[in-house]
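Below: the structure, in structure tokens.
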Amino acid sequence: MGSSDKLRNAMRYLGSRRYRLECKLVRDVMAQISEDGLQALREKYDNVAVDGWDYTKYLDIERHMGRAARQATTVGLHKAAPSRILDLGCGSGYFLAIARHMGHDVLGLDMPDYEMFDDTLALLNVPRVDHVIRAYNPLPNFDRRFDVITGHQVWFNWTGRKEPWSADEWAYFLDDCRSQLAPEGRMRFELNPGRNEEDRYLSEETAEALCRYPGAMLSDDRRVLTVAA
């Protein structure tokens with residue numbers, strides 16, 4: 001796609017009903033956040049780096065909410081009936097805050113090692129289950145089945161490793177997620193390229209194997225993996 005096509009698509013998006021909906025979602029959710037709590041968060045983490053993490057970029061909450069609103073409409077949550085949503089690697093919980101405002105029942109899952117995320121989730125009142133996703137390690141037992149399981153900027157297939165997950169490791173993970181889905185549920189994962197710059201999001205071999213996984217579809221750039229129950 002050329003630069004002129006990208007520009008036309010961007011202008012079309014900015015003039016769309018979808019974009020106006022996303023802007024309204026951001027305004028509504030931001031209006032519900034405690035100003036004192038937000039100020040305390042910014043004062044605590046402004047110009048703070050811990051273990052190599054620069055937290056400053058996470059303090060532009062309105063911008064991150066805008067990205068989360070676009071993720072939510074991309075998943076189709078604005079058109080869906082009230083659904084039970086599990087977000088893997090939920091981070092600060094922006095996506096779930098938007099989804100809950102849309103009327104969905106939400107739960108996040110992530111490792112408990114980052115205080116910034118803990119504090120932001122508390123500020124947004126987004127629930128989270130503490131868990132580290134590893135290859136061949138099942139998800140926790142939940143008290144419900146989920147209609148939608150998501151992951152954004154997925155990194156867990158790299159966590160603590162020099163090589164990304166193999167096709168077999170992905171298949172185990174998808175089988176495990178599928179066992180957590182309600183009938184007619186679905187999954188959607190946006191992948192992070194990680195260190196795999198040559199093959200970007202997935203190697204060609206892994207991508208071919210995932211395309212054969214029941215109900216799976218992979219975007220042309222291998223970035224987005226969706227799976228139907």
**Request:** Please identify the pairs in which a residue from the stretch 93-117 that is free of Cβ contacts under 8 Å to residues at least 60 places away in the same chain has its Cβ atom under 6 Å from the Cβ atom of a residue that is of a type in the set (Asp, Glu), counting only partners at least 6 apart or on another chain.
**Result:** 95/87; 96/87; 108/87; 112/130
**Message:** Going through 174, 139 one at a time, which residue ends up being surrounded by 13 or more Cβ atoms within 10 Å (Cβ to Cβ) and either in contact with a Phe, Trp or Tyr (Cβ under 7 Å, 6 or more places away or on another chain) or not in a loop (DSSP other than H, G, I, E, B) (or both)?
**Reply:** 174
**Item:** Long-range neighbours under 7 Å by Cβ, at least six apart or interchain, first residue closer than 15 Å to residue 224 by Cβ within the stretch 176-190, second part of a helix (DSSP H, G or I)
**Value:** 187/177; 188/75
**Request:** Determine, yes or no, whether residue 68 is surrounded by fewer than 18 Cβ atoms within 10 Å (Cβ to Cβ) and out of contact with any Ser or Thr (no Cβ under 8 Å at 6 or more places or on another chain).
**Result:** no
**Item:** Failed condition for residue 160, given (1) exposed (fewer than 15 other Cβ atoms within 10 Å of the Cβ); (2) under 30 Å from residue 37 (Cα atoms); (3) small (Gly, Ala, Ser)
**Value:** (2)
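If a residue must be assigned to a loop (DSSP other than H, G, I, E, B) and either touching a Pro at 6+ places or on another chain (Cβ under 6 Å) or of a type in the set (Asp, Glu) (or both), how many such residues does the stretch 142-158 contain?
Filtering the stretch 142-158 down to residues assigned to a loop (DSSP other than H, G, I, E, B) leaves 142-145, 155-158.
In the following step, the residues that additionally are either touching a Pro at 6+ places or on another chain (Cβ under 6 Å) or of a type in the set (Asp, Glu) (or both) were identified as 143, 157-158.
Summing the residues that are assigned to a loop (DSSP other than H, G, I, E, B) and either touching a Pro at 6+ places or on another chain (Cβ under 6 Å) or of a type in the set (Asp, Glu) (or both) in the stretch 142-158 gives 3.
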**Asked** Can residue 116 be described as touching a helix residue (DSSP H, G or I) at 6+ places or on another chain (Cβ under 7 Å), at pLDDT below 95 and surrounded by 15 or more Cβ atoms within 10 Å (Cβ to Cβ)?
**Response** yes
**Request:** From the list 56, 73, pick out the single residue that is open to solvent by less than 70 Å² (accessible area, probe 1.4 Å), in contact with a helix residue (DSSP H, G or I) (Cβ under 9 Å, 6 or more places away or on another chain) and modelled with pLDDT under 90.
**Result:** 56
**Item:** Members of the stretch 65-89 found to be more than 15 Å from residue 187 (Cβ to Cβ) and not hydroxyl-bearing (Ser, Thr, Tyr), listed by number
**Value:** 65, 66, 67, 68, 69, 70, 72, 78, 79, 81, 82
**Request:** Specify which of the listed residues (145, 128) is crowded, with 19+ Cβ neighbours inside 10 Å, at pLDDT 95 or above and not aliphatic (A, V, I, L, M).
**Result:** 128
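The values are calculated or read from the model by the stated rules, or taken from the named source; none is laboratory data. What you see is a predicted model; the values in this text were computed from it and never measured. Cβ coordinates were reconstructed from backbone atoms using ideal geometry, including for glycine residues, and neighbour counts include every protein chain displayed. Just the protein is used for accessible areas: all its heavy atoms, side chains included, with ligands, DNA and RNA removed. Shrake-Rupley method; radii C 1.70, N 1.55, O 1.52, S 1.80 Å.
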